[in-house]
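Worksheet for the structure shown next.
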Amino acid sequence: MTETAQSKVRIVHVLTMDLIGYSTLLLPQQSEALAELNRIVRETAPFRNAGEGKLLRLPTGDGMVLVFFDEPEAPLECAVEIDRALKTHPELRLRMGIHSGPVNEILDINDRSNIAGAGIDLAQRVMDCGDAGHILLSKRVADDLAPHPKWNPHLHELGEYEVKHGRRIALVNFYTEEVGNDATPTKCLDAAAQRPNESIASVSGRSGRRRALAAGAALLLVALTGGALLHFRPGNPAPGAADKATPVDRHSIAVLPFENAANDPNAEYLAEGIAEALINSLTELQQLKVIARSTAFHYKGPDVDPKRVGRELQVGAVLTGRVRQVQDALSIQVDLVDATTGTQLWGSAFERKISDVIAVKQAIAREVAEALKLRLSGEDQRRLVKRDSTNPVAYQAYLRGRYYWNRRTPEGTKKAIEEFGQAIALDPDFALGYAGLADSFLLLEQYSGVPSQEFLPKARAAADRALQIDPSLAEAHTSSAMIYQFMWQWAQAKEGFHRAIALNPNYPTGHHWYALSLVVDQRLDEALAEIKRAQELDPLSPIIGSVVAMVYVVKNEPEPAIEQCQRIIELYPNHPAGHDWLGLAYLRQGRIKEAIAVREKVVELSQRSTPQLGLLGYLYAIGGRKPEAIKIRDDLEQRYAKRESVGQTIAAVCFGLGEKAEGFAWLEKDFQQHSAELQFVRSRLQFDNLRDDPRYIDLIRRMGLTP
C-alpha cells in the first residue's frame, strides 16, 4: 500500500448540524441562512479557541460538521453557544447531534487532508433523530460527560433506537431551562408507537422534565399520520395519558372556539371569528406554539375540560371565551387556563360596542402574551396587530367571510366572496381581506363547478393587491402560488409556495396546497411528506387528512388510505372528506359495490355537488348500472350549460360508459377554457385507462406536463 493510500484511525468528537426546511427556501434565502449560521458558529469560544490542527470543518450543504480532535466537551460547549445565539434567529430551525468515535484521516480527491468513518456517520444518525432545537448525544458521549456536575443534571436518556442500515443507537437529550428542546423527538415517539411492549408515555418518561408527557396527543399524531393503527377520539384519554401530565411547552396554547352565549345564529360568526383571529395573531409570535384552527375548533362546546385539551394537544395553556352580542353591545369573557393544573392564569371581561371588536381582540392577544410571560420585542408587538383592519365594520365583514369560507360548501363560498368584497370596499388597504377573497375564488370550481377562467383574473388581482399591501403575508403568497398553479404556470407556483413556507413554516395551508402541487407534478413521496407536515401542524383537519388519503390512493397504497379515511369519519361522520377518498380507495382495490355505496353517501353529504355527482356516475357506469350513469351524465351536461360544471366531470362518466370520443371532446373543452381542475387529470383513477392513448398523451404535453 502506498503512503497516500494509507489511513490513520483516530477517536474524534463530532458536532453535526443542519437547518430544517432548508430545501424549501429560495436560493438567496438559503445563502443568507447558511451565512448567518456560519457567523454564529465562528463566534463560539470552542471554535475560536481550537488550536492549529485541532478542529476540522466540513460543509454539508444544509449545515456543517465540526470535528474536534482533543476536547470531548468541545462539541457540547459549542452546541450550547450556538443554541443561545439562535434565540434571536427563530427563522433558523437547527438540530444538532454529537458523537465520539473513530475516523480515518485520508487524502481526498484534491490531495487535501480529510476524514471519514463511523464517528462522523453515527453523529449524523444521532442528529437525524432530532427535531428543530434538539441537541442529541449518543450514549457514549453522555457517559463521558455524566461525571461532570456542569453537564450531568441536563442529560436525559431517551432509550435505544434503530437508525439507517439497521444500526441501533442509544440517545440522550441535552437541555436546560435556556437551551435545547425538552420535547421527546418525533422519531422516538413514532418508534415507540410501533413497539408492542412500550408505550409512548414510557419513552417520554426517560426525558427528565418531560417525564409525564401527554401521550394522548402523541398517539393522535402517530395515528393520523399513519404511524400506528391507533384510534383517538377527543374526550376519551389515549392509553398512557396521565392526569398529572405536564405540558410539552409552557409557551404553547390552544385557542378554543368561543361560546355563542346568546345562542344567536347571526352572532356565530363572531364567536368563531374572534377565536380564529386570535389564533392568526398569536401565530405571528415565533416563540409561541399555537394549535391550528381546524384542530382547536374540534373542541367546541361549553363543557370542554381545559386540562383534557392540554393533555391531548400537548399545550401548556388553553384560552376559552364567551361572546354575547345584543344589537351594538358586545360582551366578551375570556379565561386563560394552565392546562396542567387547571388554574386560571388570566381572565377578563370586556363590555364594549361591536365597533370595538378589533381593539378587544388586540387587547386579549397582548394580555395572553403577558400572562404566558413572553418577552415581546417591538417587532413582536407590531406582528400582533399588523393583520388587522382599521375599520371595525370591514373587520366584521372579514370575520363573516372566514366563517363562511370555512364551511367549504357552494353556498358558503359564494357568501364568503360577498363578505370579503364588502371588507375591502370598506378598507381598501386590508391585506387579509384581499387574501380571503382570493382564497374564496379558488374554491369556486371545486365546490360549485364555476369555470376557472371566470374567476382566476379576479383571484389574481386580489392576491396581487394583498402582496402589494403586505409583501410578508404568507397567506397571500400561498394564495398567489395556487393561482399560478391553476393557471398552469408551474415554475411560478413552485417559487410562490417556497416563499410562503419560508415566511411562515407553521401555516398549514401553505404545506397543504404545496402538497397538491407536488401531486400534479407526480412527485408523490415529496407530496406525502409535505401533506404530513401540514397534518403535524393541524392534526384534526378533515380536509388535510383527506389529502393524506388522496396521496396514498394515487401512490396505489389503498390500505393506509382506508385507515386514514376511517379516522376522519370517526371524528367527522357527516363531513364528506373522509367518505370521499374512502370510496376511491375501494375503487383502487376493485371493490366497486362498496365504492358506489360510499360515493352515494358523499353525494348526499355534499348536497349533490357537481364533482361528487360526476364520480358517482362513473362508478355507476363501470359497475353495470348504465341507466343511472346516463341520467347523471345528462344532469351534468345541463349544469355545464349553466356554467355549474367542468367538462372533466362529464368526461369521466363518458369514459365509464365506453364513450371515449365524447370523453376526450369534453376534456378538450376544459383545455380550451384552461380549466384549473384539468391539472389533476393524471391523478384521478377514472382516467387510469387512458395513459397509453395518444390523445391523452398529447393533452398532457400541451398542458406543459410530462405524460
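The values are calculated or read from the model by the stated rules, or taken from the named source; none is laboratory data. It should be emphasised that the depicted structure is a prediction, and the values quoted were computed from it without experimental measurement. When we count neighbours, we look across all protein chains shown, and the Cβ atoms used for this are built from the backbone with ideal geometry, even at glycine. Calculation scope for accessible area: heavy atoms of the full protein, side chains included, ligands and nucleic acids excluded. Shrake-Rupley method; radii C 1.70, N 1.55, O 1.52, S 1.80 Å.
For the residues Glu284, Glu272, Glu268, the requirement of being acidic (Asp, Glu), under 17 Å from Gly321 (Cα atoms) and open to solvent by less than 20 Å² (accessible area, probe 1.4 Å) singles out Glu272.
Within the range 374-387, residues that are closer than 19 Å to Leu432 by Cβ sit with their Cβ atoms under 6 Å from residues that are open to solvent by less than 60 Å² (accessible area, probe 1.4 Å) and outside any helix (DSSP H, G or I), at 6+ positions apart or across chains, in these pairs: Asp380/Leu285; Arg383/Glu284. Among the residues here, Lys601 qualifies as touching a His at 6+ places or on another chain (Cβ under 7 Å) and either of a type outside the set (Asp, Glu) or surrounded by fewer than 19 Cβ atoms within 10 Å (Cβ to Cβ) (or both).
So that you can scan it fast, the table gives a plain yes or no per residue for (1) at pLDDT below 95; (2) in a helix (DSSP H, G or I); (3) open to solvent by 50 Å² or more (accessible area, probe 1.4 Å):
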site	(1), (2), (3)
Thr413	yes, yes, no
Asp429	yes, no, yes
Leu432	yes, yes, no
Gly436	yes, yes, no
Glu445	yes, yes, no
Ala481	no, yes, no
Trp488	yes, no, no
Ala491	yes, yes, yes
Arg499	yes, yes, yes
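Restricting attention to the range 525-551, the residues being under 14 Å from Thr295 (Cβ atoms) and of a type outside the set (S, T, N, Q) number 10. So for the range 682-689 (the condition being open to solvent by 70 Å² or more (accessible area, probe 1.4 Å) and either without any contact (Cβ under 8 Å) to a residue 12 or more places away in the chain or out of contact with any Ser or Thr (no Cβ under 7 Å at 6 or more places or on another chain) (or both)), does at least one residue qualify? Yes, there is a match, as at least one residue in the range 682-689 is open to solvent by 70 Å² or more (accessible area, probe 1.4 Å) and either without any contact (Cβ under 8 Å) to a residue 12 or more places away in the chain or out of contact with any Ser or Thr (no Cβ under 7 Å at 6 or more places or on another chain) (or both). Would you check if there is a residue in the range 185-194 being of a type in the set (S, T, N, Q), outside any loop (DSSP other than H, G, I, E, B), within 21 Å of Lys289 (Cβ to Cβ) and modelled with pLDDT of 80 or more? No: zero hits.
Scanning the range 659-681 for residues that are buried (at least 17 other Cβ atoms within 10 Å of the Cβ) and among the aliphatic types (A, V, I, L, M) returns Leu667, Ala676, Leu678, Val681.
Take the conditions open to solvent by 40 Å² or more (accessible area, probe 1.4 Å), within 28 Å of Tyr514 (Cβ to Cβ) and in a helix (DSSP H, G or I) and apply them to Glu594. Does it pass? Give the derivation first.
Numbers: open to solvent by 40 Å² or more (accessible area, probe 1.4 Å): yes; within 28 Å of Tyr514 (Cβ to Cβ): no; in a helix (DSSP H, G or I): yes.
Spelling it out, it is not the case that Glu594 is open to solvent by 40 Å² or more (accessible area, probe 1.4 Å), within 28 Å of Tyr514 (Cβ to Cβ) and in a helix (DSSP H, G or I).
Report yes if Arg140 is farther than 30 Å from Asp380 by Cα, among the basic types (Lys, Arg) and either touching a strand residue (DSSP E or B) at 6+ places or on another chain (Cβ under 7 Å) or at pLDDT 85 or above (or both), otherwise no. Yes; evaluated as a whole, the condition is true for this residue.
Taken over the range 655-685, the criterion of being more than 33 Å from the chain's Cα centre (by Cα) and of a type in the set (Phe, Trp, Tyr) is satisfied by Phe655, Phe664, Trp666. Here the condition is being closer than 24 Å to Leu516 by Cα, more than 32 Å from the chain's Cα centre (by Cα) and among the charged types (D, E, K, R); of Asp634, Asp688, Asp698, it holds for Asp698 alone. The set of residues in the range 363-390 that are open to solvent by less than 40 Å² (accessible area, probe 1.4 Å) and either small (Gly, Ala, Ser) or more than 25 Å from the chain's Cα centre (by Cα) (or both) comprises Ala363, Ile364, Ala365, Ala369, Ala371, Ser389. It is to be established whether one or more residues within the range 503-512 are part of a helix (DSSP H, G or I) and surrounded by fewer than 20 Cβ atoms within 10 Å (Cβ to Cβ). Scanning the range 503-512, I find at least one residue that is part of a helix (DSSP H, G or I) and surrounded by fewer than 20 Cβ atoms within 10 Å (Cβ to Cβ), so the answer is yes.
Of all the residues in the range 144-158, those that are open to solvent by less than 30 Å² (accessible area, probe 1.4 Å) and in contact (Cβ under 8 Å) with a residue 60 or more places away in the chain number 2.
Residues checked against (1) at pLDDT below 90; (2) open to solvent by 40 Å² or more (accessible area, probe 1.4 Å); (3) closer than 23 Å to Phe174 by Cβ:
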site: Gly21; (1), (2), (3): yes, no, yes
site: Thr24; (1), (2), (3): yes, no, no
site: Leu27; (1), (2), (3): yes, yes, no
site: Pro59; (1), (2), (3): yes, yes, no
site: Leu66; (1), (2), (3): no, no, yes
site: Asp70; (1), (2), (3): yes, yes, yes
site: Ala74; (1), (2), (3): no, no, yes
site: Cys78; (1), (2), (3): no, no, yes
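Of the residues making up the range 50-86, those that are touching an Asp or Glu at 6+ places or on another chain (Cβ under 9 Å), of a type outside the set (A, V, I, L, M) and under 26 Å from His148 (Cα atoms) are Gly51, Lys54, Glu71, Pro72, Glu73, Glu77, Glu81, Asp83, Arg84. Name every residue in the range 604-622 that is open to solvent by less than 40 Å² (accessible area, probe 1.4 Å), over 28 Å from the mean Cα position of the chain (by Cα) and not hydroxyl-bearing (Ser, Thr, Tyr), in order of residue number. Passing the criteria: Leu613, Gly614, Leu615, Leu616, Gly617, Leu619, Ala621. Counting only residues that are assigned to a strand (DSSP E or B), touching a residue at least 12 places away in the same chain (Cβ under 8 Å) and farther than 25 Å from Ala267 by Cβ, how many does the range 324-350 have? Of the residues in the range 324-350, 2 are assigned to a strand (DSSP E or B), touching a residue at least 12 places away in the same chain (Cβ under 8 Å) and farther than 25 Å from Ala267 by Cβ. Here Lys353 clears all of (1) open to solvent by 40 Å² or more (accessible area, probe 1.4 Å); (2) within 28 Å of the chain's Cα centre (by Cα); (3) more than 28 Å from Gln648 (Cβ to Cβ); (4) without any contact (Cβ under 8 Å) to a residue 40 or more places away in the chain except the condition numbered (2).
Taking the range 564-577 as the search range and keeping residues that are within 24 Å of Val450 (Cα to Cα) and in a helix (DSSP H, G or I), which one is farthest from the chain's Cα centre (by Cα)?
So the first thing to find is which residues in the range 564-577 are within 24 Å of Val450 (Cα to Cα), and the list is 575-577.
From what is left, the residues that are in a helix (DSSP H, G or I) are 576-577.
Numbers: Pro576: 21, Ala577: 17 Å.
My answer is Pro576.
If we keep just the residues of the range 513-539 that are part of a helix (DSSP H, G or I) and in contact with a Pro (Cβ under 7 Å, 6 or more places away or on another chain), which is farthest from Ala500 (Cα to Cα)? Only one residue tops the list, namely Leu537. Is it the case, given these coordinates, that Gly656 is open to solvent by 10 Å² or more (accessible area, probe 1.4 Å) and of a type in the set (Gly, Ala, Ser)? In short, yes.
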